[in-house]
Amino acid sequence: MSNSNHTNTYRRKFLAQSAAVAGLAIAPGIILNQVAHAKSDADKASSANRWGMLIDTNKCNKGCTDCVTACKTENAWGAGETHSSEEQQAQWIRKVTITDKQTGHVQSLPLMCQHCETAPCVDVCPTGASMKREDGIVQVDKHICIGCRYCMMACPYKARSFIHEKLELQKPTAPRGIGTVESCNMCAHRVDKGQDPACVEACSNAQHGAMLFGDLKDANSAISIELKKHGGEQIRADLGLNTGVRYQGL
Amino acid sequence: MMSFRQFAKHLVILVGLTALPILSNAGDLGPTPPKAKMNFSDNSKCVKPIADIRRNHMELLKHKRDETMREGVRTKDNSLVECIDCHVTPNKKGEYARFGEDEHFCSSCHNYAAVNVDCFDCHSDLPEDAAKILRSSNNPHNMTEGGKK
């Protein structure tokens, strides 16, 4: 009897340990993310979190635009704006190619709203439409946006666009319409459900894994661990905006 | 001084003019919004008593919109998307009326009362199931679901 008890205890410990090891080994990022995201529908976005993204430009494939396509699909932009010129059309996220003239080194990276801690777009907005959520997501409250486009001028990353024409058939999760400014909102509707933004998911599905999403305030999140270990640069760090989107390999 | 005969004539005309709009509208029973998909619960047809929701739906929606938009609260209570999903229904042919047409749930009353709303400048006037189909079929350049090439 006592022998079998011993066996059971040993067995239980062994199983528990191997489960823990397997969990960590398979996907530490995913597991940590799920814990960090845990927010019920009724919960408000909290300042205990700050959502951020880390983009490894060395892993970013030069010809690949999966993140852009995923964003278009998720938020239903990039089609239907047939009366707007190319310069006028929406651009929540775009691929940018940088060439070092001295070495000829070519880099490719996705650029979108950098979700600044001290966002110039929020500063300049005359109505309070350009806003930062408690959890660091910067977005436009189109209900009170008057379409002045001051935020578009203030943004150093050219991350915002203005809707010039009447739209229809928007996604329930991404309302957008004439006369308002819009930009990447880090897929707030997905983040609220505990999912990664659409671009990050697409990058991971394409096996590139160049984009990492997570909580910058959680020291144990995959993104925080990676940032602590290898660092991450801000684009235009000289502006002191403390961006939520960081880059490696720039 | 007006004679009695003149006075009576004026009175008849006055009464006649007052009654004209009432008479011409005889048989108009007000707006006829299409029926919702289902009752909200066994006890209640809608999320609030009908009189309350008719009077105050805009306040509920406005409150909810700020909670969701600015604070990330994603509950279904008083959500515009939930209203649309239940109230905007296809006709017998399976076609959906669009906002602006008298057959659309929202515009059936809003057209009647001549109250303009901006909700559908940004929000879809159809449930996502129906919008998804139109999104892919409407637009040859569509990059979104279904139209993805």
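Anything in the range A:72-97 that is more than 10 Å from every other protein chain (Cβ to nearest Cβ) and touching a residue at least 60 places away in the same chain (Cβ under 8 Å)? List them, or say none. Those that are more than 10 Å from every other protein chain (Cβ to nearest Cβ) and touching a residue at least 60 places away in the same chain (Cβ under 8 Å): A:HIS83, A:SER84, A:GLN88, A:GLN89, A:ALA90, A:GLN91, A:TRP92, A:ILE93. Inside the range A:143-189, residues that are assigned to a loop (DSSP other than H, G, I, E, B) and in contact with a strand residue (DSSP E or B) (Cβ under 7 Å, 6 or more places away or on another chain) make up a count of 13. Has the range A:233-243 got at least one residue that is free of Cβ contacts under 8 Å to residues at least 40 places away in the same chain and assigned to a loop (DSSP other than H, G, I, E, B)? There is no residue in the range A:233-243 that is free of Cβ contacts under 8 Å to residues at least 40 places away in the same chain and assigned to a loop (DSSP other than H, G, I, E, B). All conditions but one from (1) within 9 Å of chain B (Cβ to nearest Cβ); (2) at pLDDT 95 or above apply to A:GLU168; the one that does not is (2). In the range B:42-118, counting only helices (runs of 4 or more DSSP H) that sit wholly within it, the ones holding 2 or more residues that are aromatic (Phe, Trp, Tyr) span B:105-113. A residue that is at pLDDT 90 or above and loosely packed, with under 11 Cβ neighbours inside 10 Å occurs nowhere in the range B:8-25.
The values are calculated or read from the model by the stated rules, or taken from the named source; none is laboratory data. All values derive from a computational prediction rather than experimental measurement. Here the Cβ is made from the backbone with ideal geometry for all residues, glycine too, and neighbour counts use every protein chain on show.
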